[in-house]
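**Q** One structure, as structure tokens, below. Some questions next.
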Amino acid sequence: MGSLPVSTALRAALKQAATVLPQDVVRALEAARARETSAMASAQLDAILENVSVASNGSIPMCQDTGIQTFFVEAGVESPFLKDLKAWIREAVVQATSDIPLRPNTVDPFTGKNPGDNTGYYMPCINWELVEGSDVVITVLPKGGGSENMSALKMLPPGVGQKGIKKAVIEHIVACGGKPCPPTIVGLGIGGGADIAMKLGKKAVLREIGSRNALDKAAELERELLDLVNMTGVGAMGVGGDTTCLAVHIEVAHRHPASLPLGILVQCWADRRARVRLRADGTAEVIS
């Protein structure tokens with residue numbers, strides 16, 4: 001897709017995220033289907049892959065829960081558009097809700113009233129990071145409620161170390177069962193404080209399946225946990241089988257000596273995401 005006005009690019013990214021599953025996720029699902037030995041799990045994976053194809057070919061949302069529209073913005077400090085980004089993102093969500101359409105998923109926490117356009121207090125949710133340069137990269141993550149309900153924060157005693165982290169993650173995934181629509185992508189935030197660990201966990205699910213953390217110890221823990229999670233036998237949609245999880249991704253932060261925060265973010269098989277790059281000349285494009 002070539003250069004576009006930023007408003008058009010943002011709407012295109014929202015539509016792509018809702019209707020087209022990234023190829024790395026499709027490949028991971030196909031690989032899971034190829035190695036599956038359970039007939040029931042195979043049937044679930046077949047249905048998931050058919051669903052992905054129908055959504056893409058028909059340009060329709062792949063899930064009736066089109067999620068909370070969550071954005072991660074890497075904003076170049078030299079971009080001339082920093083003051084405009086929040087308004088542009090909000091307007092794109094409003095328009096996409098009507099045009100795609102997206103299910104209106106934001107309700108007042110006290111009254112339950114729905115504004116009907118996926119906006120509200122702190123909605124759409126925007127996470128900001130200032131980086132060098134003049135480009136802005138905006139990643140949209142439509143996060144469904146079923147998998148979000150399976151997220152958890154564990155404030156572990158620091159002495160439990162990696163063994164304690166692995167125990168906490170496996171126990172949590174087993175307790176989730178089929179509720180988050182596995183096979184899942186599990187994002188872990190290790191360290192920081194409570195809020196940092198949860199944010200890092202959500203950021204981790206944005207990574208391409210098959211990627212590894214640049215830190216050797218974290219990368220090894222990703223591999224170990226993926227094997228352990230898939231040994232639980234929860235399986236596709238919780239019916240049992242060989243693949244409970246497509247990937248475990250870890251992001252880390254330094255922590256206080258007295259605490260070991262562990263943020264566990266569970267993403268369903270529909271690991272929806274898309275990115276827009278906005279240049280200093282005002283043109284933009286959907287880059288993935």
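The values are calculated or read from the model by the stated rules, or taken from the named source; none is laboratory data. A quick note: this is a predicted structure, and the numbers were derived from the prediction, not measured. Cβ placement follows ideal geometry from the backbone for every residue including glycine, while neighbour counts extend to all protein chains displayed.
**Q** If I filter region 240-280 down to residues being acidic (Asp, Glu) and touching a Ser or Thr at 6+ places or on another chain (Cβ under 9 Å), which single residue comes out as nearest to LEU14 (Cα to Cα)?
**A** The qualifying residue nearest to LEU14 (Cα to Cα) is ASP271.
**Q** Let me ask you something else. Would you confirm whether or not region 53-68 contains a residue that is small (Gly, Ala, Ser), crowded, with 20+ Cβ neighbours inside 10 Å, within 20 Å of SER147 (Cβ to Cβ) and over 22 Å from the mean Cα position of the chain (by Cα)?
**A** No.
**Q** When residues of region 225-257 are filtered for being surrounded by fewer than 23 Cβ atoms within 10 Å (Cβ to Cβ), more than 21 Å from ASP65 (Cα to Cα) and either in contact (Cβ under 8 Å) with a residue 12 or more places away in the chain or not acidic (Asp, Glu) (or both), how many remain?
**A** Residues that pass the stated criteria total 15.
**Q** Within region 154-193, track down each residue that is free of Cβ contacts under 8 Å to residues at least 60 places away in the same chain and closer than 11 Å to THR232 by Cβ.
**A** GLU171, ALA175
**Q** If you scan region 239-252, which residues turn out to be of a type in the set (A, V, I, L, M) and within 19 Å of the chain's Cα centre (by Cα)?
**A** Within region 239-252, LEU246, ALA247, VAL248, ILE250, VAL252 qualify.
**Q** With the condition kept exactly as written, say whether any residue in region 258-277 is without any contact (Cβ under 8 Å) to a residue 24 or more places away in the chain, more than 19 Å from the chain's Cα centre (by Cα) and farther than 28 Å from ILE126 by Cβ.
**A** no
**Q** Count, please, the residues in region 1-25 that happen to be polar (S, T, N, Q) and modelled with pLDDT of 95 or more.
**A** Counting residues in region 1-25 that are polar (S, T, N, Q) and modelled with pLDDT of 95 or more gives 3.
**Q** Now for a different question. Can you name every residue in region 138-170 that is within 23 Å of ALA270 (Cα to Cα), assigned to a helix (DSSP H, G or I) and either within 18 Å of the chain's Cα centre (by Cα) or not aliphatic (A, V, I, L, M) (or both)?
**A** GLY145, GLY146, SER147, GLU148, VAL169
**Q** Follow-up. Within region 191-217, which residues are part of a loop (DSSP other than H, G, I, E, B) and more than 10 Å from the chain's Cα centre (by Cα)?
**A** GLY193, GLU208, ILE209, GLY210, SER211, ARG212, ASN213, ALA214, LEU215
**Q** Based on this model, can you work out whether GLU78 counts as at pLDDT 95 or above and farther than 26 Å from LEU265 by Cα?
**A** Answer is yes for this residue.
**Q** Name every residue in region 69-103 that is of a type in the set (Val, Ile, Thr), surrounded by 14 or more Cβ atoms within 10 Å (Cβ to Cβ) and more than 16 Å from the chain's Cα centre (by Cα), in order of residue number.
**A** ILE89, VAL93, VAL94, THR97, ILE100 - these are the residues of region 69-103 that are of a type in the set (Val, Ile, Thr), surrounded by 14 or more Cβ atoms within 10 Å (Cβ to Cβ) and more than 16 Å from the chain's Cα centre (by Cα).
**Q** Here's a follow-up. May I ask you to verify whether PRO104 is in a strand (DSSP E or B) and either closer than 17 Å to ALA17 by Cβ or among the charged types (D, E, K, R) (or both)?
**A** Considered against the rule, which asks whether it is in a strand (DSSP E or B) and either closer than 17 Å to ALA17 by Cβ or among the charged types (D, E, K, R) (or both), PRO104 comes out as no.
**Q** While we're on this one: With (1) over 26 Å from ALA270 (Cα atoms); (2) in contact (Cβ under 8 Å) with a residue 12 or more places away in the chain as the list, and PHE110 as the residue in question, which single condition is left unmet?
**A** For PHE110, the failing item is (2).
**Q** If you don't mind, another one. Looking at the structure I just gave you, is GLY177 modelled with pLDDT under 95 and under 30 Å from ALA39 (Cβ atoms)?
**A** No, not satisfied.
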